[in-house]
Amino acid sequence: MSAGGSNRLLTPEEVADWLKVSEITVKNKYRTWGIKAQKVGRLLRFRERDIVAYLEDHYG
């Protein structure tokens, strides 16, 4: 488990607001950025801890 963050699931819109990018950018780039996504049915979700880990690794 990554340090920091929680297991709370975030929508692409919430991630986009957090990263200050568009929702479309998140949906198109999360694989390139190496952010793990969870599928809940047909919906895309991201664990808060994975976003925190990405930010720490790249900007921390």
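The values are calculated or read from the model by the stated rules, or taken from the named source; none is laboratory data. Because the structure is predicted, anything quoted here is derived from the model rather than measured. Here the Cβ positions follow ideal geometry from the backbone for every residue, glycine too, while neighbour counts run over all protein chains shown. Ligands, DNA and RNA are excluded from the accessible area calculation, which covers all protein heavy atoms including side chains. Shrake-Rupley method; radii C 1.70, N 1.55, O 1.52, S 1.80 Å.
Results, tabulated for the structure shown:
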{"quantity": "Convex hull of Cα atoms in the chain, direction-averaged projection (nm²)", "calculated": "4.0"}
{"quantity": "Accessible surface of residue 11 - all protein chains present, 1.4 Å probe, nearest 10 Å²", "calculated": "40"}
{"quantity": "Å² per residue, accessible surface of the chain at 1.4 Å", "calculated": "71"}
{"quantity": "Ranked order, 20, 36 - accessible area, probe 1.4 Å, largest first", "calculated": "20, 36"}
{"quantity": "Charge-dipole axis of the chain as Lys and Arg at +1 and Asp and Glu at -1 on Cβ define it, positive-most pick from 34, 60, 19", "calculated": "34"}
{"quantity": "Protein accessible area in the chain, 1.4 Å probe - carbon and sulfur %", "calculated": "48"}
{"quantity": "Size of electric dipole in the chain: Cβ of Lys, Arg +1 and of Asp, Glu -1, about Cα centre, debye, nearest 20", "calculated": "320"}
{"quantity": "In Å², nearest 10: area of residue 56 left accessible to a 1.4 Å probe", "calculated": "100"}
{"quantity": "Rounded accessible area of residue 40 (nearest 10 Å², 1.4 Å probe)", "calculated": "70"}
